[in-house]
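Worksheet: one structure, shown below.
The values are calculated or read from the model by the stated rules, or taken from the named source; none is laboratory data. These numbers were taken from a predicted model, which means no experiment stands behind them. So basically every Cβ, Gly included, is an ideal-geometry build from the backbone, and we count neighbours across all protein chains shown.
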Amino acid sequence: MNQSTCVSPLVADHGEATESLCDIGRRFYGRGWSVGTSRNYSVVLQRDPQLLLVTASGKDKGPEVH
């Protein structure tokens, strides 16, 4: 089953989206929902044409992420 968490509406500012995605990753890590490099997060920046912001695989999502 595909599950998603709605954080905010589509974001026009890519810098803001990047910071928000990093913040969500830190929060998930802090709650024990994500350990180190075990997760990947994404944000839909634009629907048509589709533009996504995706975290890198194999990178720590912990408190030092920025």
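Can you work out which of the residues in segment 8-37 that are under 20 Å from D48 (Cα atoms) and surrounded by 15 or more Cβ atoms within 10 Å (Cβ to Cβ) is modelled with the lowest pLDDT?
The extreme case among them is V11.
Please count how many residues of segment 39-55 are in contact (Cβ under 8 Å) with a residue 12 or more places away in the chain, in a loop (DSSP other than H, G, I, E, B) and over 9 Å from the mean Cα position of the chain (by Cα).
The qualifying residues number 1.
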